Amino acid sequence: MIYFDKVSKTYLNDTKALDSVSFTIKPKEFVSIVGHSGAGKTTLIKMILGEEKPTNGAVYFESVNIGGLRKNEMTDYRRRVGTVFQDFRLLPNLTVYENIAFAMEACGRTDEEISADVPHVLGLVDLTKKMMNFPHQLSGGEKQRVAIARAIVNQPDIIIADEPTGNLDPVSTYDIIQILKKINDLGTTVILTTHNKGVVDSIGKRVITMEGGKVARDDKDGKFAI
Ligand code: ADP
């Protein structure tokens, strides 16, 4: 569970990015966060990742205050959160297989686990055939599928997908959303930020709409309303 308790964030230049934001995300939910540029979506995601601390209020993961974690506790916590970004962030000199294996090695997983789990997650994103390709040999949609496979391979509790379809054509966008829905059906919490009205409407799950640093709407079976 993630719990935002009256979270405000004022940056050093006096910009109020979040203004007393409160909501709860339960385990296994699929939540889309939408809003115009500057509404506070990135700041909100950074709070969940522990990259920014609230000026007031607190963000909790289960009963733990994320802003109060020490360095080694933060490393452990971040392993429970998988991330997917608009710009993919794959390592260009490693193959698809190696990109995912690398993420497993960083978490201290054994060679046996790596050789069993990498093909498994690549199967989930339907990329088994591209295992030995390098990122530059993949389409945008395929790169994002690798990034998703990498995000889930260490079995995180939460996946944060920050504008994952921002660089993709409509067909690849559809594929990525289907994969995120599948991962959610398998029991992982998914938090998605997007500008894409069609994406939000097709998911048909909870939508939090941010406006000027506040939660303007929180709809259970939401539609894109801005
Ligand atoms: P969004 O992701 O919805 O576009 P952000 O969270 O990036 O919104 O930004 C919210 C507000 O905070 C904006 O006015 C933005 O200019 C400001 N902001 C974001 N990051 C910083 C920062 N590091 N320093 C100062 N102001 C920032």
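Each value in this text was obtained by applying a stated rule to the coordinates, not by laboratory testing. Quick caveat: nothing in here was measured; it's all calculated off a predicted structure. Positions of Cβ are backbone-derived with ideal geometry, glycine not excepted, and every protein chain shown enters the neighbour counts.
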Give me the tail of P(r) for segment 89-154 as a percent: Cα-Cα pairs with distance above 13 Å.
54
Which pairs, out of Lys6/Lys223; Lys71/Lys197; Lys41/Lys220; Lys46/Lys223, put more than 29 Å between their alpha-carbon atoms?
Lys71/Lys197
Taking Cα atoms, how many degrees apart are the long axis of helix 111-124 and the longest axis of the chain, rounded to 10 and kept between 0 and 90?
70
Residue-wise HN-Hα coupling along segment 183-200, computed from phi with Karplus coefficients 6.51, -1.76, 1.60 (Hz; x: Gly, Pro):
4, 5, 4, 7, x, 9, 5, 10, 10, 10, 9, 7, 9, 8, 4, x, 4, 4
Summed residue charge, Cβ within 13 Å of Ser32's Cβ, Lys/Arg positive, Asp/Glu negative:
+1
Give me the base-10 log of I(q)/I(0) for the chain at each q in 0.08, 0.17, 0.19 Å⁻¹, Debye formula, one uniform scatterer per Cα, rounded to two decimals.
-0.29, -1.24, -1.44
Sum of -39500 (n - 2.57) over DSSP H runs of 4+, divided by residues of the chain (222 nm, nearest 500)
-10500 deg cm²/dmol
Using the Cα gyration tensor of segment 167-226, with a ≥ b ≥ c the square roots of its eigenvalues, what is the shape: rounded (a/c below 1.5), prolate (a/b larger than b/c) or oblate (neither)?
oblate
Across segment 16-84, what fraction of all alpha-carbon pairs, as a whole percent, falls in each successive 5 Å bin from zero upward?
3, 14, 27, 26, 20, 9, 1, 0
Quick check on the exposure proxy: order Val81, Val146 from fewest to most C-beta atoms within 10 angstrom.
Val81, Val146
To test your reading of the geometry: what angle, between 0 and 90 degrees and rounded to tens, separates the Cα axis of helix 96-106 from the longest principal axis of the chain?
60
Measuring from its Cα centre, segment 90-155 shows a charge dipole (+1 at each Lys and Arg Cβ, -1 at each Asp and Glu Cβ) which, in debye to the nearest 20, is 320
Using Cβ counts within 10 Å as a stand-in for footprinting exposure, how do His195, His120, His136 rank, fewest first?
His136, His120, His195
Using a Gaussian network for the chain with springs between C-alpha atoms less than 10 Å apart, which of these wobbles most: Glu142, Glu29, Glu62?
Glu62
